[in-house]
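Every read-out reported here was derived from the displayed coordinates using simple, explicitly stated rules and does not represent laboratory data. Note that the coordinates shown come from a computational prediction; the quantities given were computed from them, not determined experimentally. Cβ placement follows ideal geometry from the backbone for every residue including glycine, while neighbour counts extend to all protein chains displayed.
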Amino acid sequence: MQGQWIRCQRLVAMPFLLTFCIVLFSDRVAADTNAISTSNDTELSLLGTPNFRTINLHLAAGGMFALWDDLAIEGLGEVGGQGTLGADLGVREFLALSVLCGANIYSKGERGALRDIFATAGIRLRFAVDRRGALVEEGGDALGNVWMDVHVGYHRYRAEHHGGINLGLGYAFALARDFNLGPYGRIQFTPWGDGLKYFAASIGLQVSLGGQ
């Protein structure tokens, strides 16, 4: 079991390392972009803008299920539901600072049901960003962007305090201006703290709203 936790922690470290490398070289990329001529800048502006803003709000709901037998051993239910509320602040087009709060509520087992309330902070990365506008706009389509986020923070369940890690991956379909909808998947585990430590996943739908 200890070896499994070590492997998971190494897996979680990889997105942080990737983000560090991206930010490290982004300033060089920006400098090269500023060196483009005025005519090329005009041509680039014709590509349009992505379907998200500097500040964005995310609402999501989905189903949870345990990946290991930690909950079953404790006599707790292994499936349930998840609801989250998040927001991000863009630093670059591809990178944003992010917060994610929510609750995981599991079904009742022989010894009760687990209710996990969490508040976390981290980063969100966006890839394959489409710039042709939303589906309802002239010349637009439903393509949006692929996103990945990593959050670390506080979890409370069974009157215990824990530290947890949450990895998310999803796709945002651009249905209307500043309105995106799409599927997501998350992996979550709580390796820090006394008492029960559990490893679970969730799948569901997320609505994203562009703000400022």
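Considering only ASN145, GLY86, HIS162, and ranking their Cα positions along the charge dipole of region 51-188 that arises from unit charges at the beta-carbon of Lys, Arg, Asp and Glu, the one farthest toward the positive end is GLY86.
Centroid-to-centroid, using Cα positions, region 161-212 and region 122-157 are 12 Å apart. Near ALA200: Cβ cut-off under 10 Å, other residues only, Lys/Arg at +1 and Asp/Glu at -1. The net charge is -2. Legend: Rg and Dmax of region 64-110, from Cα coordinates, 15.8, 48 Å.
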